[in-house]
Amino acid sequence: MAFFLETLIGGLMAGMLYSLVALGFVLIYKASGVFNFAQGAMVLFAALAMARFSGWANAALGGDSLILANIIAFIAAGGVMFIVAWIIERLALRNLVNQEGATLLMATLGIAYVLEGIGQTLFGSEIYNIDVGMPKDPVIMLESVFEGGILINKEDFYAALIAAALVIALSIFFQKTSTGRALRAVADDHQAALSIGIPLNRIWVIVWCVAGVVALVAGIIWGSKLGVQFSLATVALRALPVVILGGLTSVPGAIIGGLIIGIGEKLSEVFLGPYVGGGIEIWFAYMLALVFLLFRPQGLFGEKIIDRV
Amino acid sequence: MIYRENGQFKTSYGADQQIFPIAQDRYLVLAIIAFAFIGVPMLADEYFFRAILIPFLILSLAALGVNLLVGYCGQITLGAGAFMAIGAYAAYNFLIRVPELPLLAVLILGGLTSAAMGILFGIPSLRVRGLYLAVATLAAQFFWDWAFLRIGWFTNYSSSGSVSVSNLTVFGWDISSPVNKYLFCLAILVVFALIAKNLTRASLGRQWMAIRDMDVAAEVIGIRPMWAKLSAFAVSSFFVGVAGALWGFVHLGSWEPAAFSVDRSFQLLFMVIIGGMGSIVGSFFGAAFIIILPIFLNQFLPALGDLFGIAISTAAVSHAEFIIFGSLIVFFLIVEPHGLARLWATSKEKLRLWPFPH
């Protein structure tokens with residue numbers, strides 16, 4: 001039982017990490033109807049920027065204040081992501097308004113290539129570490145309930161907390177601020193939003209910016225877990241089932257989807273994996289999402305698709 | 001004034017419905033095919049065959065298959081690489097387990113296995129649509145990546161995980177030299193392109209296009225969505241599977257599952273979208289563009305660096321390749337979202353009117 005719970009909690013926390021990446025997809029899809037395959041590249045780019053900036057800031061400060069260096073690096077990396085968002089909107093998206101979904105998808109794949117290339121040219125292609133001072137040692141909980149207790153990775157726990165905080169902040173931003181209201185209006189209907197004077201282009205820059213910041217947070221957390229390297233870009237592929245399971249248009253869907261996928265992956269890997277040779281988590285997530293999709297084709301929380309002739 | 005159908009009268013239904021109604025088109029295509037069969041083997045050297053021509057032929061075949069599904073039936077797929085892998089590994093298993101089979105039969109059987117799997121993984125398309133389907137097809141990709149890596153039976157329990165074939169002969173014709181490989185692939189491609197073209201002009205292709213344009217409306221006028229979608233998946237997977245078998249057998253010789261990774265799927269989809277969705281000739285343009293561009297950049301960038309006296313490191317070149325490749329794709333999508341095939345069609349239209357503007 002304790003082992004089962006341990007796996008379950010591990011899955012929940014891994015799921016929160018997937019949600020973080022998935023959130024970026026959902027934000028951009030909601031506001032512009034673009035399925036942004038470049039999200040993985042943005043995570044990589046942001047993580048690279050963060051890792052290098054924090055290294056440089058640390059060196060400039062003489063290495064005595066890690067927190068200050070990280071704050072400076074975070075702000076600088078955020079600024080970089082803003083510039084990236086602005087350039088993407090300016091050069092690519094603005095010229096691709098009203099294209100088919102597949103074309104936009106391919107365009108974001110192109111953007112992903114560009115970002116990966118530029119990121120590695122600017123920041124180098126070695127493996128870097130991000131150290132934001134998160135505790136790495138595991139803790140043992142509930143010792144009184146189970147024999148031996150449950151082992152929980154502290155780093156994962158804090159990451160999950162950060163993810164949760166980010167989601168709450170985003171929900172408030174979407175629901176309570178006037179920019180958030182404009183974003184939701186654009187998501188509903190581009191033309192109607194334009195006609196009541198909402199500047200589409202600025203909204204898109206903001207959305208890509210927010211997605212960039214989400215990517216930055218995801219990049220920091222994933223980067224401090226796995227190290228900042230090229231393979232970080234493939235995190236997006238791990239997060240895709242989360243997005244379609246939760247629904248492309250739903251922020252809470254990304255969270256719930258992430259939790260379901262996280263639990264499913266961990267449980268399948270631990271209890272099913274040994275029978276079939278292991279390594280199944282990568283496709284199991286997709287299969288799980290597929291099964292859900294067969295019952296709800298628009299994802300768990302997606303908007304219902306209504307067909308009219 | 002040269003490219004004009006003036007004076008070409010059609011006197012039978014057959015003549016009216018032929019694939020290239022304009023005589024000049026017919027002669028051009030025949031000339032190109034003749035050149036490909038006779039001229040190219042005399043002109044090209046071995047590197048050219050290995051690095052450009054053979055990959056181009058095989059990936060055009062795969063892109064053709066993907067185009068049938070994505071461009072004609074409107075079902076976006078990101079799992080094409082998996083079906084290439086299925087074709088390759090199925091053909092491999094037929095080859096080693098039933099050694100009596102001739103090579104062509106092995107390739108076709110590989111394609112048929114891939115078609116069967118295509119139907120299986122196409123079933124979600126009956127419920128799931130658009131981008132959701134695109135992500136769902138990734139399930140096939142990752143599942144088969146895993147299966148060919150972990151299930152020993154598929155690779156005949158080879159210890160390194162890679163499988164290899166050698167001494168390929170077709171009806172006694174040895175196809176180990178690059179020229180023969182090229183001719184073999186070319187012959188298959190011509191036959192398959194003809195099949196694809198005729199399929200899309202016939203009842204089945206029209207059903208696919210109706211489903212693509214609006215599936216509910218198509219259902220209302222009596223097209224069975226299940227039949228149309230699953231047949232598109234089957235035919236597309238068959239093409240892709242044969243291409244995969246060729247890729248493994250003829251181009252690579254020995255291969256690992258990584259040869260058919262998700263990057264391959266993206267590459268094929270790139271070819272279709274850059275070339276032009278719903279266009280047979282577009283698949284060839286797309287394949288040529290996607291294959292030649294990286295090779296060109298790889299050769300051209302260091303040369304450019306030398307010109308300005310800068311030594312560019314290999315890492316920088318590969319990053320620059322990424323950047324230029326990505327930006328060119330975005331650029332093409334912005335300039336011509338309907339792909340190179342549309343440019344081709346426009347230029348033909350202009351040529352017909354030349355020297356008049358209208």
- Task: Would you mind ranking B:E256, A:E89 by Cβ crowding within 10 Å, fewest neighbours first?
- Result: B:E256, A:E89
- Note on the structure: Across A:L161, A:L20, A:L240, the residue with the highest GNM fluctuation in chain A (Cα network, 10 Å cutoff) is A:L161
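Quick one: putting +1 on the C-beta of Lys and Arg, -1 on the C-beta of Asp and Glu, what dipole do you get for chain B around its Cα centre, in Debye to the nearest 20? Please report the intermediate quantities before stating the final value.
Values: 20 positive and 17 negative charges, 174 e Å.
For chain B, the charge dipole is close to 840 debye.
Report the relative contact order of chain A, percent, no decimals, based on alpha-carbon pairs under 8 angstrom and at least 6 residues apart. Mind dumping the intermediate values first?
Working: 477 pairs, mean separation 105.5, N = 309.
Here the relative contact order equals 34 percent.
Scan the range B:119-191 for trypsin sites (Lys or Arg not before Pro) in coil per DSSP, keeping those whose Cβ has at most 16 other Cβ atoms within 10 Å, and list them by number.
B:R127
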- Task: Just tell me which lysines come within less than 24 Å, Cα to Cα, of A:K30; anything on the same chain fewer than 8 places away is out.
- Result: A:K176, A:K304
- Task: Taking the dipole about the Cα centre of chain B, with the C-beta of Lys and Arg at +1 and of Asp and Glu at -1, give me whichever of B:Y89, B:F308, B:H251 is farthest to the positive side.
- Result: B:Y89
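Test of the criteria: in the range A:239-309, which GluC sites (Glu not before Pro) are in a DSSP loop and have at most 15 other Cβ atoms within 10 angstrom of their Cβ? Walk me through the numbers on the way to the answer.
Details: sites: A:E265, A:E269, A:E281, A:E303; in loops: A:E303.
Filter output for the range A:239-309: A:E303.
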- Query: Looking at B:I221, A:F157, A:L96, which one has the Cα that reaches farthest to the positive end of the dipole of the protein assembly as shown (charges on Cβ: Lys, Arg +1; Asp, Glu -1)?
  - Reply: B:I221
- Query: Over the Cα atoms of chain A, what is the Rg over Rh ratio if Rh follows Kirkwood?
  - Reply: 0.98
- Calculate one ³J(HN,Hα) per residue across the range A:92-101 by plugging θ = phi - 60° into the Karplus curve 6.51 cos²θ - 1.76 cosθ + 1.60, and present them in order as whole Hz with x for glycine and proline. 10, 5, 4, 8, 10, 4, 6, 7, 5, x
- Note on the structure: Once amide hydrogens are built 1.01 Å from N within the peptide plane, the residues lying 5 or more places from B:V170 or on another chain with amide H under 5 Å from its amide H are B:I175
- Message: With θ taken as phi - 60° and the coefficients 6.51, -1.76 and 1.60, list the Karplus ³J(HN,Hα) couplings across the range B:7-20 in order, rounded to whole Hz; mark glycine and proline as x.
- Response: x, 9, 8, 9, 10, 9, 4, x, 5, 6, 9, 5, 5, 10
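Would you work out the charge dipole size for the protein assembly as shown about its Cα centre, treating the Cβ of every Lys and Arg as +1 and the Cβ of every Asp and Glu as -1, and quote it to the nearest 20 debye?
Details: 36 positive and 36 negative charges, 359 e Å.
It works out to roughly 1720 debye.
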- Note on the structure: With +1 at each Lys and Arg Cβ and -1 at each Asp and Glu Cβ, the charge dipole magnitude of the range B:146-268 around its Cα centre, to the nearest 20 debye, comes out at 240 debye
- Rank B:Q141, B:Q75, B:Q18 by mean-square fluctuation in a GNM of chain B with C-alpha springs under 10 angstrom and give only the top-ranked residue. B:Q18
- Task: Mind checking which of A:A169, A:M81, A:S195 is farthest towards the positive end of chain A's charge dipole, using Cβ charges of +1 (Lys, Arg) and -1 (Asp, Glu) about the Cα centre?
- Result: A:S195
- If the cut-off is a Cα-Cα distance under 25 Å, which lysines reach A:K225, setting aside same-chain residues fewer than 8 apart in sequence? A:K136, A:K154, A:K266
- For the range B:337-354, Karplus-derived ³J(HN,Hα) couplings (6.51, -1.76, 1.60; θ = phi - 60°; whole Hz; x for glycine and proline) come out as x, 8, x, 4, 4, 5, 4, 4, 5, 4, 5, 5, 4, 4, 5, 5, 8, 3
- Item | Two-site label geometry, A:F3 and B:L30: point separation in nm, points 7 Å out along Cα→Cβ | 7.4 nm
- Prolate/oblate/rounded label for chain B (Cα gyration tensor, a/c 1.5): rounded
- Query: Just in the range B:269-336: which chymotrypsin sites (Phe, Trp or Tyr not before Pro) are loop by DSSP and have at most 14 other Cβ atoms within 10 Å?
  - Reply: B:F308
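Can you compute the FRET efficiency between A:K176 and B:D263 using 1/(1 + (r/R0)^6), with r the Cβ-Cβ distance and R0 = 51 Å? Round to the nearest 0.05.
Values: r = 42 Å, r/R0 = 0.83.
Using R0 = 51 Å, I get an efficiency of 0.75.
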- Under the helix-only model (-39500 (n - 2.57) for each DSSP H run of 4 or more, divided by the residues of the protein assembly as shown), the mean residue ellipticity at 222 nm, to 500 deg cm²/dmol, is -22500 deg cm²/dmol
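Where a ≥ b ≥ c are the square roots of the eigenvalues of the C-alpha gyration tensor, would you call the protein assembly as shown rounded, which needs a/c under 1.5, or, failing that, prolate if a/b is larger than b/c, or oblate? Intermediate values should be presented prior to the final figure.
Numbers: a/c = 1.62, a/b = 1.47, b/c = 1.10.
Prolate.
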- Task: List the relative contact order of chain B as a percent without decimals, with contacts defined as Cα pairs under 8 Å and 6+ residues apart.
- Result: 29 percent
- Query: For A:H190, B:H358, what ranking results if the residue with the fewest other Cβ atoms within 10 Å of its Cβ goes first?
  - Reply: B:H358, A:H190
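Every number in this text was worked out from the coordinates using simple rules, so none of it is lab data. Only a predicted model underlies this, so the values are computations on that prediction, with no experimental measurement involved. All Cβ positions, glycine included, derive from the backbone under ideal geometry; neighbour counts span all protein chains shown.
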